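First the structure, in the form of structure tokens, and then the observations on it.
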């Protein structure tokens, strides 16, 4: 979907030439020259950069060097039912700078691999850059089933260890597949 | 109270005669030691109930003990999810008899707004519950009312031998697709007095 | 105190034989966790060698529900997210939705949201500090804090009818306007609360036992705080001067005079002090906002078709009738762009943001919540290594981990 919006005109103008906005603009320009194939767009004053999956680590590393020292969030969107979407998953990296208060959104789109036994896409982990990404990536693995290559300890974070499936994928039903009823019953005379 | 002494026995004025059951119930109901199984929002209201303004100590149930072995009333406050349910069951098993359970709030009782893959749709599917408190979350007054009601229930139907716990397995579980075989139990489960009479009736009729 | 570096070398626990280490399971049902989280501690005597935090004992699928409830319905679920300051969550959620829909609020609504968000901050900090006090043995402090929380509950109940789970905000406005009674109650609170706050500070801030148990315990350095994405009071106590209210002033924060409270020690005591100081700053903001509360409507105009018009508008104007009809019929409500945006507020716990994806429908396609608690809980092993078992509760309390926000 972001591919579709990348070419669209920004729907709201960039708010003023503030320091934060200029810092984000400069960083995006620097990334665009260093890494060809990177697209950027603006929506409601938020700069977004779409990065190919195989370059994501290098781009994020260079952005960290450029002053975006705070990793605000790592999350994911499943575009299975999204109108006009071309790729299945879109990872979201939200970066911020503690010095200039600039913000930047990095999008990395991945697909489910066609061949191979493992149905989970693989992206390179950013834990070597930000240790804070540890649990955020574990959560994405748990809820979306995206593997992070190079993650030190990629276990499930919120669901039980024995759980199968990735609940935030769009093909997983809201009420689950009956896992929540699957427990022994204690009655008065037995307990 | 049933005074049923044999004729000819003289009692001094300062002696009260009662059934042993009533005495045990009276002791039990006025010294409930709650085990706060507080998981979510309701837990904060549970804390508020115990704190300065609402002061649960007025009803003899302020001795919150965090060890299940010391408690006889489990207050499940908040939603219970898949990962937590085994813990809940284990804690229930660790509590010593006699024990009661209050399901506080909509989430513990029915799953509430969280009809999702992870949330257990009512703890009474998996452990026995004596009192339900509606509300999301219930006000402290409601919880206090539930404790008073539970005290009444203990006074009305308790026995020193714990007979009421044996018959309580007739309160069929809410588990999905399990239908009650005995229509009387459904009505009786709402009314402790009726339930007691019914169980006594059942016992006497079976004795005949 | 430099236990971690001097007498006990924690850097190489694997090198020594580990069979004398003792594993202790802490939680998920433990009084000091306040809610449901679990720690597996490795102990050498009373020293914590390592800790493995585990979460998910309250994971209820909030983000999945967000894909099924409309923008106005989901506010009820955000209440239950950080349940000790629900108003701040309401504000954060609708801030994100309004960013996505491109709605500009009325000045009065901005001020009202500032006031309720700051009251929520006070009530959150009261509970957090009260719980730290409770866990380190100061029960009276906890009772003082809870009494004031009841006063704030009372204000919220007068405002919107619910004392706890408020669900107050709506897209483009709020469910109720401030009444004179609410304003009077807030004014009374502004007068009486500083006195209690002074009492609380006198009880604990220089209390020898409390200071000994929190000072130098759980030290987080500034570089670590940034690298591990800490925000809010936890980061500010370590010297990160980041406060979204100043850095990217949302709502009407540009209009008020307040300070960003920071400390440099980064220990539990510093976090306690930052929270105490923030309550005073919040009081200043509330006082300024209340005295300068703009008049006019709370909700955006009916031509924007986002907030429900008043009954008078529905029955006496054609625009009101049309707007009401459009909003109450299915699939005729908001115009949602096929876009995505992120908006965050400075919640009591740190940066609370929502990443909302719109697909043209009335519900969000994806409602990702950026919870501050997850990142703070991940800090825990770092903070506790080398300290004693009794410090676990102090560190946990000062991080203010709310399980419902942690697990969602």
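The values are calculated or read from the model by the stated rules, or taken from the named source; none is laboratory data. Bear in mind that the values here come from a model prediction, so they are computed numbers and not experimental data. No Cβ is skipped: glycine too gets one built from the backbone with ideal geometry, and neighbour counts run over all protein chains shown.
Some values worked out for this structure:
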| quantity | calculated |
| --- | --- |
| Evaluation of residue B:42 against (1) under 30 Å from residue A:143 (Cα atoms); (2) assigned to a loop (DSSP other than H, G, I, E, B) (one fails), failing number | (2) |
| Those residues of the stretch B:115-127 which are out of contact with any helix residue (DSSP H, G or I) (no Cβ under 7 Å at 6 or more places or on another chain) and part of a loop (DSSP other than H, G, I, E, B), in sequence order | B:115 |
| Scope the stretch B:110-137; condition away from chain A (no Cβ under 14 Å) and surrounded by 23 or more Cβ atoms within 10 Å (Cβ to Cβ); matching residues | B:133, B:137 |
| Residue ID - nearest to the other protein chains (Cβ to nearest Cβ), chosen from residues in the stretch A:155-180 that are within 21 Å of the chain's Cα centre (by Cα) and free of Cβ contacts under 8 Å to residues at least 24 places away in the same chain | A:158 |
| Which numbered condition residue C:386 misses (of (1) more than 12 Å from chain A (Cβ to nearest Cβ); (2) out of contact with any helix residue (DSSP H, G or I) (no Cβ under 9 Å at 6 or more places or on another chain); (3) at pLDDT below 85; (4) in a loop (DSSP other than H, G, I, E, B)) | (3) |
| Residue list for the stretch A:82-121, filter: at the interface with chain C (Cβ under 9 Å from one of its Cβ atoms) and more than 30 Å from residue C:227 (Cβ to Cβ) | A:82, A:83, A:84 |
| Filtered residue count, the stretch B:88-99, keeping only those that are surrounded by fewer than 24 Cβ atoms within 10 Å (Cβ to Cβ) and touching a strand residue (DSSP E or B) at 6+ places or on another chain (Cβ under 9 Å) | 4 |
| Residue C:97 vs. criteria crowded, with 24+ Cβ neighbours inside 10 Å, closer than 18 Å to residue C:159 by Cβ, in contact (Cβ under 8 Å) with a residue 24 or more places away in the chain and in contact with a strand residue (DSSP E or B) (Cβ under 8 Å, 6 or more places away or on another chain) | no |
